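What follows draws every value from the coordinates through simple rules; no lab data is involved. From a predicted model like this one, the values you see are computed outputs, not experimental measurements. Virtual Cβ from ideal backbone geometry, glycine too; neighbours counted across all protein chains shown.
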Amino acid sequence: MSASKDDKTHPTRELDFLAFGPHPDDAEIGCGAFLLKMKGMGYATGIVVLTEGDMGAGTPPVRRREAEAAARGLKVDVFEVMDLGDTRVADTHEQRLLVASMIRKYRPKIVLAPYFDIIPGRGRGHGDHIAAGNLVTHAANFAHLEKYPASGKPHAIRKMMYFMVSPFERPTFIVEVDKEFPEAIKAMSAHESQFKRTDRPLFFPTRLEAFGRYFGALIGAEYGQAFFVADPLKVNDPLKLLLG
């Protein structure tokens, strides 16, 4: 098991947002339009993929090329693929060390991970998604400890955000992505091995667009991406927050 098979990009400054996806395409699906919007606002963004997705359709080299193309479409500053093992992501000490090392390397203010509190099963909660939510959370928490034996200097993130919130769950907040959603869908189309499959004809882009429009409708927008945050949010001006 290695921390990474690819280390081509280095941020010129600390990242504002770093999203961890269990497989190639997950972060793009869950928060791709959001990352694109944040990049447009001048923030530094990145994606780290925990596995090569080798148990599904496509081969690791193919999935890597597709993911790199999608990352370019989302204009992220950092993109990296780890090899924790598809279907073998687990909230273990060993994997926490590897993820904490990534967090120390890129030093993000906010870390994004899959929403973890979901019923497991096909079409609901993938085991790697649930495990990744817990794994990344603990790794981010431990990354600030001076004696924690991960590589790199200790780093304390500011907040955790969780994506891939089910339409049946109540998110903490929804971000309007009217402008960015079509561009994110275009970037995600690079994942041809996943989205041009005859056994999933309605998933891409139909289902993703339906979810985007559903969350958008809840906030009076065309498209939205939903997030869960465990900590209370500090608000100085409720009027601005509530009336937007």
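Panel note: the C-alpha atoms of region 171-244, placed on their principal axes, show extents of 49, 24, 18 Å (largest first). Residues whose amide H comes within less than 5 Å of that of ILE47, counting only those at least five positions distant or on another chain, are ALA19, VAL78, PHE79, GLU80 (H built at 1.01 Å from N in the peptide plane). Largest mean-square fluctuation among LEU145, LEU98, LEU112, in a Gaussian network model of the chain whose springs join Cα atoms under 10 Å apart, belongs to LEU145. Centre-to-centre separation between the Cα atoms of region 18-49 and those of region 79-149: 15 Å. Within the straight-line cut-off of under 24 Å between alpha carbons, the lysines reachable from LYS179 are LYS37, LYS39, LYS75, LYS240, sequence neighbours fewer than 8 places apart in one chain being disregarded. In percent, how large is the relative contact order of the chain, given Cα pairs closer than 8 Å and 6 or more residues apart? RCO, the chain: 22 percent.
Would you mind ranking LYS234, LYS75 so that the residue whose beta carbon has the fewest other beta carbons within 10 Å leads the list?
Working: LYS234 5, LYS75 14.
Final ranking by Cβ density, sparse to dense: LYS234, LYS75.
Annotation: peptides 18-31, 188-201, ranked by per-residue average of other Cβ atoms within 10 Å with the highest first, follow the order 18-31, 188-201. Of all DSSP-defined beta bridges confined to the chain, some 30% are antiparallel rather than parallel.
To the nearest 20 debye, what is the magnitude of the charge dipole of region 17-243 about its Cα centre, counting +1 on the Cβ of each Lys and Arg and -1 on the Cβ of each Asp and Glu? For region 17-243, the charge dipole is close to 440 debye.
Each of SER151, SER166 was scored by other Cβ atoms within 10 Å of its Cβ. Arranged with the fewest first, they read SER151, SER166.
Couplings 3J(HN,Hα) of region 84-98, computed from phi: 7, x, 4, 6, 10, 5, 8, 7, 10, 4, 4, 6, 4, 4, 5 Hz, in residue order, whole Hz [Karplus 6.51 cos²θ - 1.76 cosθ + 1.60, θ = phi - 60°; x for Gly and Pro].
Scaling the Cα radius of gyration of region 17-243 by the globular reference 2.2 N^0.38 Å produces a ratio of 0.97. With a 10 Å cut-off between alpha carbons and a GNM built on the chain, which of ARG124, ARG88, ARG104 moves the most? Between ARG124, ARG88, ARG104, it is ARG124 that shows the largest mean-square fluctuation. For region 29-114, a crude dipole built from +1 on the beta carbon of Lys and Arg and -1 on the beta carbon of Asp and Glu, taken about the Cα centre, is about 480 debye to the nearest 20.
Please give me the summed charge of the neighbours of TYR223: other residues whose Cβ is under 15 Å from its Cβ, Lys and Arg +1, Asp and Glu -1.
Local net charge: -2.
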